Every structure is written in C-alpha cells, then in structure tokens.
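Everything below concerns the one structure shown next.
The values are calculated or read from the model by the stated rules, or taken from the named source; none is laboratory data. This structure is a prediction, so every number in the text was calculated from the model and none was measured. So basically every Cβ, Gly included, is an ideal-geometry build from the backbone, and we count neighbours across all protein chains shown. SASA here: full protein model, heavy atoms, side chains in, ligands and nucleic acids out. Shrake-Rupley method; radii C 1.70, N 1.55, O 1.52, S 1.80 Å.
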Amino acid sequence: MRLFISLFLLLASLSTWAAPAPHLAFSDLVSGPNAGLGDGLGEGAIVTVWGYRLGDNQGTVSIVDQQGQSHPAAHIYYWKKADGQQPCGPADLWTSHQLYEVAFSIPTSVGLGEASIRLVDEAGISSDNTLPFTVREGNIYHVKAGGNNQNSGSFDDPFQVINGMTYGARAPGNRLLQAGDIAYSHGVQEIQEQHPLSGGQSLGAGLWLVGLEGTQEKQIAIASYPNTQALASGPMRGVYPYLSRGIVISKYKVLAGNQVDMGKGAPYQSVSNPQNSTSQLSTNQWGRAVGNAIGERDGMCSNGWSGAIVGGGASNDNFKALGNQITDIGCDQTSHFQHTTYLTIRTPAEGNEPITGWEFGWNHLNDNKAKFGLHFYDQLNYGYDLCRGFKPGSVLKAHNNYIINQKGSGINIHTYSRTYTDSNGVQQRPACWEVDAQVYNNVIINAGLGPVAEENNGTSPYGITLGGGIKGHFDVYNNTLYDVSDESSRTYIRGGKPSHVEPKAISMGTDQGATFSVSNNVIRVSHPMPYLTYGKRGDAPSWIKVSNNLLYNTTSDSWSDKDRTHFTEWLDSSDEMADPQIASLTPASLEQTSPALTGGDDSVSLSHDFLGQPVGSPIHRGAFASFVLAQPNPPKQVRVTKL
C-alpha cells in the first residue's frame, strides 16, 4: 500500500526553517564567588544573563572552567522573556530586543580562576557563544525589609538598607562593602526621604554609596535578588556613588524628578544651580549599570544640566551601560541642557590621567523628552581648559540600542572646540577629544523630535549627529533609522519669528580632521531631507567613505531636481534607493522580500545582527539580518488516496 499526498499540501505542512542557535548577549556580573550565598537554593554568586532564542521553557546553564570541565549551575532561579515582570528584573528588553533573561547561581564545584558561561535550551541546542566569568573570592550579603544594619548581613540575619547617606552609620553602602563583595536587595524600597541627611535634598540619593573601593578585577555588586525588584528613589538622585568606584548596579528601579510636571505645552523651566539637576544614575570608574529600569517619580519631571545616566571625568573610565530601559525622561518644560543620558570628561579626571572609552549597548530608550538619547559631549570652556584625554586606542561604543520617540538626536557623539591665542600669539584650535567611535546595530525610530526649549539653543531634528571637535575615526554601520524629526523640531518661534531647521538623518562634521565610514545603514524617512550630510558643501569628501546604504524617502517622487541633488549629495554609487520593506517596528522585523537582507559591504566587523542572528555573506544592510518567518498553518484537509 502506498499513500500519496498532494504536493502542494506536503509543501505547506512540511515547510521548515532551521532557527539559529541561541546567542548570549551580556551578563550583569563578570566575576564573583562560588560560595557564601546561603539562601538554601544556590551556592555562589547569582548571575543574570540576557540572550536570544533561549526559549520559554527552562534549559540548562553550565560554567566551564579553565580545564574545559563543565559544571552545572547550582540553581536556576528563572528562565523567561525579559519583559520587565517578576521574577525577572524591571527592564523590558523583550519588547525592544526579543531578549530572554536567565538567573542562576555559580556552583562550589568550579574552582577559582577564569571560566565561561554556556546555556543550552530545552531542545538541547547550545548557545553559539559563551560569556566570560571569573570565579574569585568575596562576601555575599542580603538586604531585606525588616532587617537590621547591625546584623551580619547573611540570608537569615539580613541588613535593612544599603544606603550609606547618614554619616558614620553602619551600612553596606557606607564603606562596609569591600572589593569583590555582593549585596542582594530583596526588593527593598530605598527612598531618600526615609534616609534624611541635613543640608538639603541636593546632598542625598536613594542609594548614596560612600567610599566603596571596587576594582576592575573585583567589582562590588549591588543587585536585586530574583523575583524582587529593588527601588532607589530620590528627588534629585536615584543612585549616586560618592568617592566610590568599581560598582555594578543591576536590576534596580531607579527614579528621580526635581520638578512637578506642568503638563503638555508648558514653557521650559531653567534650573539655575546645576547641583539641583536630576540625575537618576551616576556612572563610576570601572562600573556597570545592567538591566535597570530608569525613570521619573510619579507626577514629577527631570530638569537641569544632567541626564538619567550621567557621568564626568574619571567616573566614565571603562563604564558600561548594558540592557537598561530608560523611559519618559523629561517633559515639555525640560531645559535644553537636561539630557536623556549625558557623558562628558570635562570634570577633571583623578590625577588628570586619561581614561578608557565607555560602552552603551542593548539599552531600550523610549518616549524621552530630554534632549538627545545617547549624548556623549564635551566642550572647551571659556577659560580654554583642555578637555580631558583618552588613552590611546580608546573607543566609544554605541551598539544594539533601541531608541524610539526621542527628542533631539537619537545618538549624539559630538564635541565643541574653540579658537584661542596662546602665549606666543599663535591661534590654536585643539581637539576636544582624541578618540574613535563605533556606532552599529542600533534601531532608531522617530528621533529628532521637538519642541524647542531655550530659543537660542534651537532644536536638533536629526537621527544621528557626529564629529565636531573630535579627532578620530567614526565607524557607522548596520543601523536602521526610521523617521526623523517632527514639525515642532523643524520650525519654531525665535525672537517672535519662525525659525526653520533642515532635518537630516545622519549629520557629520569636523574641525579636527575626523574621518567617517558610513556603510550598510538603512534609512527610511517620510519628510524631505538629506540622508547624509557632511559639514558645508564642498568640504573634502576624501574624509568620508560611504558605501552600500539602503535609502528610502516616501516623499521622493515630489522632489525637485534641486532637492534631489541636495538630499543625495554625499551618496556613493553603491548606495541603493529602495523601500526596505520594514514589516513592523515593535518588535522590528523585515518582509521576506526586503532588499535589506543582502547587498551590504562585507568589510565591516559584525558577527551578529540586532536580534542576535548570525551574519551571512553578502552581509545585510541595516540592523536585521533576517526576516521573521510566519509559522505555517497546519493543513485543514489531507486527502489520502489508496492505490
């Protein structure tokens, strides 16, 4: 007997698509002890890993030691979509990045030394990469509501709070934590007003961390315990490391807000004293901010001269912000000088030593009205003090970030130099920074928004802005930009008269001879504008390499010849004008027939796309290497013929 099934039904029912293996993105801790947890479940440090395609059902976690021996995790606390809901941390990275989140404990069986973390999904498919982890000595403490800071800090004898704001008080955050120690907060709500410090609210924070001396090799970690979400909240500051460094802040809710939100259409309000600015989370040298949800207190607004993640000088040295969600920072009254994030090195570094570059990756920035998303900026002040320097070979990295509905540029890496006359009467215009920058795998949707704040400072109706007083090389590749600017950023009233600003998808310029490579990007916009600009027309094009970008403007059919020449001035013959066929924005995906799936320049250094998909050859354009394949529907009728 033979059974024949009609061919078209066979193809419909047996359509297959081999999904790539799981891929690991990042972890909160990169080192920790293998013992001392004391919770009756795990053994050593609790580590949280974020990764792609891990699956909804729990798999296995292994720590591989230096000899190649695999040790199963002592306990897996949860394995789920990183949707910001308990038992996982508060940052929603599922909506933006389709990331999963897994928390587990390091086992005592793995010895001290360098190791690596590998995950295997329920089907037995191993992750295509590992994450580094160093097993080392250190203490583990617990903080719980109802605890006491005179306790030992063990699981059964916990501390009450971490905040070290009260002078001389015994607290993990007041010099008690030593290099290599970890404090797990079991959902404790640390609100500044509950830790009063004389001298006014500008001198405190939800987490005021005093004299904590972590190192690059033995960081001090403060993290939410699984199935809890700790809170750090203050009027001005959420988390503030004071004379502290080498600190990891993981899976916290961090809130602040120094002004009552006056509502839609409110005129901007200035903050005369920068000390009274809102700073949700301040950076620290060698530190990490991972998996935090950063926002504003209910009914309040961020304003001043700062940012939700902010740092200056040595505090930015090798700092990493990974997988944070930054939501609804700023309001209509927020000043031009308050930003969503703001990193500068104008503040004198310790001993005036140069620093290593910082990294922002896998962050989710949404609906922020403070100007600029990722804002890396500096300037020579009017005293002509030089900007602080970077170590040779330093790189500023902005990658795999999802930025949507952003006032001002989604990414702004730009400094400002000034000309002055030196003691010999010679005019000088030194570089503000000498550093390279890498901007890749970012998804920027609806950036460059208004409205204007201070009239004299104008608006920034741009997607990405780069250059200025920076001397270095900018690599800008495999980013996806979807819609740039709105009416309020393109036109505003200045001095009683309308002022018009031309929007631009990617705006570049330099007064220091910086070079730019712009490759494999997808730009899709719906207002007439240049795709790329470089300074003034006629500037040296040899400083720019543009290749293999995919560009589309929904208004292009109505352009005049003059507009078309202007809007496409800096493009290369390898660039293509075509609809990228973006199927959806949240989560972002492409149609199966999208021209963005191929046609890129293979010379860029990229192993995986925004969604952790391995990169093929020829490489894709934009942030996505694959389309989302719909699951085939099972056949409703199968006809079997007996012969």
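A few comments on the model shown:
- Ranking Thr554, Met508, Ile619 by Cα position along the charge dipole of the chain, where only Lys, Arg, Asp and Glu carry charges on their C-beta atoms, puts Thr554 farthest toward the positive end.
- Overall form of the range 306-377 per C-alpha gyration tensor (a/c, 1.5; a/b vs b/c): oblate
- Cα-based shape type of the range 178-258, given that a ≥ b ≥ c are square roots of the gyration tensor eigenvalues and the cut on a/c is 1.5: oblate
- Area of Val260 that stays accessible when all protein chains are in place (1.4 Å probe, Å², to 10): 100 Å²
- CD proxy at 222 nm, helix term only [per DSSP H run n ≥ 4: -39500 (n - 2.57); per residue of the chain; nearest 500]: -500 deg cm²/dmol
- Nearby aspartates and glutamates by direct alpha-carbon distance to Lys397 (threshold 17 angstrom, same-chain neighbours under 8 apart not counted): Asp317, Glu359, Asp378, Glu434, Asp436, Asp475, Asp609
- Total lysine pairs under 22 Å (Cα atoms) in the range 479-580, excluding pairs fewer than 8 apart on one chain: 5
- A run of the chain free of exposed loop cleavage sites, with chymotrypsin sites (Phe, Trp or Tyr not before Pro) counted only in DSSP states other than H, G, I, E and B and at most 12 other beta carbons within 10 Å, reaches its longest extent at 383-643.
- Sequence-distant contacts, meaning Cα pairs under 8 Å at least 6 residues apart, place the relative contact order of the range 457-555 at 33 percent.
- Backbone geometry of the range 22-28 corresponds, through the Karplus equation with coefficients 6.51, -1.76 and 1.60 at θ = phi - 60°, to 3J(HN,Hα) couplings of x, 9, 8, 9, 6, 10, 6 Hz, x marking Gly and Pro.
- Nearby lysines by direct alpha-carbon distance to Lys251 (threshold 18 angstrom, same-chain neighbours under 8 apart not counted): Lys80, Lys81, Lys144, Lys320
- Alpha-carbon centroid distance for the pair the range 99-120 / the range 398-447, whole angstrom: 37 Å
- Selected from His527, Thr130, Tyr184, residue furthest toward positive end of dipole (the chain; charges at beta carbon): His527
- With loop membership from DSSP and a limit of 13 other Cβ atoms within 10 Å, the longest segment of the chain without trypsin sites (Lys or Arg not before Pro) is 265-535.
- In this Cβ point-charge picture (+1 for Lys and Arg, -1 for Asp and Glu), the range 96-142 has a dipole of about 160 debye about its Cα centre.
- Computed from backbone phi with θ = phi - 60° and the Karplus coefficients 6.51, -1.76 and 1.60, the 3J(HN,Hα) list for the range 565-574 is 5, 5, 5, 10, 4, 9, 7, 10, 4, 7 Hz; x is used for glycine and proline.
- Here log10 I(q)/I(0) by the Debye sum over Cα atoms at q = 0.05, 0.07, 0.11 Å⁻¹ was computed from the coordinates, and among [x] -0.22, -0.45, -1.22; [y] -0.54, -0.72, -1.11; [z] -0.24, -0.46, -1.10 the match is [z].
- Selection from Gly458, Thr480, Trp433 lying farthest towards where the dipole of the range 433-509 points positive, charges on Cβ: Gly458
- Measuring only protein heavy atoms, the 1.4 Å probe finds Ser394 accessible over about 10 Å².
- Judged by the ratio a/c of the largest to the smallest principal axis of the C-alpha gyration tensor, the range 116-214 counts as prolate, that ratio being 1.5 or greater while a/b is larger than b/c.
- Solvent-accessible surface ranking, highest first, for Asp28, Asp65 at 1.4 angstrom: Asp65, Asp28
- Nearby aspartates and glutamates by direct alpha-carbon distance to Lys369 (threshold 18 angstrom, same-chain neighbours under 8 apart not counted): Asp261, Glu296, Asp298, Asp328, Asp332, Glu454, Glu455, Asp483, Asp486, Glu487
- The charge dipole of the chain, taken about the Cα centre with unit charges on the Cβ atoms of Lys, Arg (+1) and Asp, Glu (-1), comes to about 480 debye, rounded to the nearest 20.
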